[in-house]
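Here the structure comes first, spelled out in structure tokens, and everything after it is commentary.
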Amino acid sequence: MLGEYRIEGRRAAEIAASVERAVGSGDLEPGQLLPPMRELAVHLGVNPNTVAAAYRVLRERGVIETAGRRGSRVRPAPATTGRDRIRVDVPEGVCDVSAGNPDPALLPPLAPAFAAAAAQGDRAPVLYGAPAVDPDLARLARAELDEAGVPDGPLAVVTGSLDGVERVLTAHLKQGDTVAVEDPGWGRTLDLVPALGLRTVPMRVDDEGPRVDAVREALAGGARALIVTDRAQNPTGAALSATRARALRTVLAEHPETVLIEDDHAHGIVDLPPHPLAGATRHWAFVRSVAKAYGPDLRLAVLTGDEVTVDRVRGRQRLGPGWVSLLVQRAVVRLRTDGALDTRAVAAEYSRRRELLTGALAKRGVAAHGRSGMNVWVPVPDETGVVARLLHAGWAVAPGARFRLNEPPGVRITVSTLREGEAGRLADAVAAALRPVPERTYV
């Protein structure tokens, strides 16, 4: 069953360590079936309870998984890039509305901001032991968070929304814990959770965010953490309404030990106000990225939360990268304060492009979701067929499988680079791709 590898040990910790070493070295491969507990106990000359304890430790660490009578297996390798492979290769001449990127034409120039930040660094170089958060960035971020209704709390700076989400999860959870995630939801999050040895439980989403019944069911079922996108949810464009936020806060108040993580990644490109849930539980974090408004390569997000959460994030960060470059932090401050970007105008433009497409689809009888942000979600009966037909018609869309767990098929369309007149042509192509393919008659 295990080939040439022999599990060793007399105590539970030794047996678990033996299996873990083999998994790390590749001697035991993902999906490989482990011996039944009683069989291994006889082989090792130990009590079956000792092996049961070892397997329990391995499950908690995310090394193995058990499926009742089907036995225990080495857990499949984390799907760190699995969903990225579910994509469309875009041939030359095809319009790419699949990537999820902001419009480069709506991004501000970076050179002046970085030149000013670099000059500041030349005058007073940043050395080891300097504060990890630039004071001007902290003041700017705190003022914006106050305006949004996010409770007061310490600040940290991380390298993007997903980095913040990962740091909060690892600060509070142990392998085997369950995390409630949006379904459909951001593919990177859906990959990250199992990559950390955590389990996912999906929450259905509508235009106003996670459904109350889905959140209640997930928390009642033992979910230790909850990840919510406040606005411009990827891929559906959902945005928390005031009514939905109040209802979710009521549910969260019944589960005060839940780790609440909010992702406001689209700050600066959305014309809907946030309705944060922050503070509804004992441990919470609210993350804001600059990627969509100022450019993905800036790799910066501000994170606030309760004191314990932020202290743990900062502490672990000190043991790794130490801090996010003060040069980048100061450049972001310049971008925000020098008028390099009119965020209201940018948000209005993305909203206009999105509404042009959803309106055109509605005129053609195609249901679509896109309340905020730069993406539109279109439910479809057959992803593969629709994606292929649209590609043939000159449009590359993102297959919904990148974003789904249990939800029905769909495709994601990014509107950020749609030009005048393209919304109608794209809507025509989508409507045509959704028409039933006539059966061929053979004589």
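The values are calculated or read from the model by the stated rules, or taken from the named source; none is laboratory data. If you're wondering where the values come from, they're calculated on a predicted model, not measured in any experiment. Every residue, glycine as well, gets a Cβ built from its backbone with ideal geometry; the counts of neighbours run over all protein chains shown.
Looking at VAL165, VAL150, VAL193, VAL97, just one residue is without any contact (Cβ under 8 Å) to a residue 60 or more places away in the chain, within 27 Å of GLY370 (Cα to Cα), out of contact with any Leu (no Cβ under 6 Å at 6 or more places or on another chain) and surrounded by 22 or more Cβ atoms within 10 Å (Cβ to Cβ), and that residue is VAL193.
Which residues, taken from segment 300-334, are farther than 13 Å from VAL168 by Cβ, of a type in the set (S, T, N, Q) and buried (at least 21 other Cβ atoms within 10 Å of the Cβ)?
Just the residues of segment 300-334 that are farther than 13 Å from VAL168 by Cβ, to begin with: 300, 302, 307, 318-334.
Still in the running and of a type in the set (S, T, N, Q): 325, 329.
Across segment 300-334, the qualifying residue is only GLN329.
Test ALA396 against the criterion of being in contact with a Ser or Thr (Cβ under 7 Å, 6 or more places away or on another chain) and surrounded by fewer than 22 Cβ atoms within 10 Å (Cβ to Cβ), and give yes or no. Considered against the rule, which asks whether it is in contact with a Ser or Thr (Cβ under 7 Å, 6 or more places away or on another chain) and surrounded by fewer than 22 Cβ atoms within 10 Å (Cβ to Cβ), ALA396 comes out as yes.
Restricting segment 413-443 to residues that are of a type in the set (Lys, Arg) and within 16 Å of VAL94 (Cβ to Cβ), the residue that is modelled with the highest pLDDT is ARG425. In the set LEU277, LEU319, only one residue is in the same structural domain as GLU166 (by TED's automatic domain parsing) and at pLDDT below 95; that residue is LEU319. Is it the case that some residue within segment 379-386 is within 30 Å of ASP122 (Cα to Cα), at pLDDT below 95, part of a loop (DSSP other than H, G, I, E, B) and out of contact with any strand residue (DSSP E or B) (no Cβ under 6 Å at 6 or more places or on another chain)? No, segment 379-386 contains no residue that is within 30 Å of ASP122 (Cα to Cα), at pLDDT below 95, part of a loop (DSSP other than H, G, I, E, B) and out of contact with any strand residue (DSSP E or B) (no Cβ under 6 Å at 6 or more places or on another chain).
Given the options THR384, THR343, name the one that is surrounded by fewer than 22 Cβ atoms within 10 Å (Cβ to Cβ), without any contact (Cβ under 8 Å) to a residue 24 or more places away in the chain and polar (S, T, N, Q). Outline the logic, then answer.
Numbers: THR343 fails: without any contact (Cβ under 8 Å) to a residue 24 or more places away in the chain.
Among THR384, THR343, only THR384 is surrounded by fewer than 22 Cβ atoms within 10 Å (Cβ to Cβ), without any contact (Cβ under 8 Å) to a residue 24 or more places away in the chain and polar (S, T, N, Q).
Close contacts from segment 119-138, counting a first residue that is without any contact (Cβ under 8 Å) to a residue 24 or more places away in the chain and farther than 18 Å from VAL332 by Cβ and a second that is polar (S, T, N, Q) and surrounded by 10 or more Cβ atoms within 10 Å (Cβ to Cβ), with Cβ to Cβ under 9 Å and a gap of 6+ residues or different chains, come to none at all.
Residues of segment 346-378 that are in a helix (DSSP H, G or I), crowded, with 20+ Cβ neighbours inside 10 Å and among the hydrophobic types (A, V, I, L, M, F, W, C): VAL346, ALA347, LEU357, ALA360, LEU361.
So which residues in segment 146-164 are under 14 Å from ASP230 (Cα atoms) and in contact with a Pro (Cβ under 9 Å, 6 or more places away or on another chain)? The answer is ALA148, GLY149, VAL150.
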